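Participant: Before we start, here is the structure in question, set down as structure tokens.
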Amino acid sequence: MDFLGNHIEALIFCAEKPIKVAELKTCLSEMFEAEVPVSDIEEAINRLELKFDSEAFSFSLVKTGGGYQFLTKPAYQASIGILLKQQSKKRLSTSALETLSIIAYKQPVTKSEIEQIRGVNCDYAVQKLLEKELVEIKGKSENVGRPLLYGTSDKFMDYFGINNLRDLPTPKDFATEENQIGEPSEENS
């Protein structure tokens, strides 16, 4: 088992951009509470490069931008391109996000209630959210005309990584302080 190599692999994997040997040295030295020689790090990186050069892996360890990064091998770029194209179609517009947040916090809610809050027509946004299965029809209102009631779906919960609607941030989490300059005022009774 390559203990140092496993730690380096994990650091490279989670880094947002190519990670330099100096950054690896800093992290590893702090982690092990001892100075890790650059030569040991470079040897471990060489072993990782050989390991991921194997056809058993769809990605390789590449030196780029002065550091190291995992990159997909060229043979798999076409399938990744298709996935990225599909995912870009799944992105939500600003109006869809606004509509979705209203539905999440006010559910069950009718289109007219959403439109009253947003101030614009929401037919298209609601339709797209239904197509993406982020919202679903929860029933019909008892109001005149019996309009449909909308609420979030299980897919909404998965998409946003929440288990329960109580996990949503509360509106007060978004509120700004009324008195941001100076100390909070105290009311005399």
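Here, each number is a calculation from the coordinates, and none is a lab measurement. Remember, predicted model here, so these are calculated numbers, not experimental data. Ideal geometry is used to build each Cβ from the backbone, glycine not excepted, and the neighbour counts take in all protein chains shown.
Participant: Can you report the number of residues in segment 78-119 which are part of a loop (DSSP other than H, G, I, E, B) and over 18 Å from LEU134 (Cβ atoms)?
Facilitator: Final tally of qualifying residues: 1.
Participant: Additional query: So which residues in segment 129-161 are crowded, with 18+ Cβ neighbours inside 10 Å and part of a helix (DSSP H, G or I), if there are any at all?
Facilitator: Passing the criteria: LEU129, PHE156.
Participant: Still on this structure, I have one more. Quick one: in segment 1-60, of everything that is in a helix (DSSP H, G or I) and of a type in the set (Asp, Glu), which residue is nearest to TYR76 (Cα to Cα)?
Facilitator: Out of the qualifying residues, it is ASP53.
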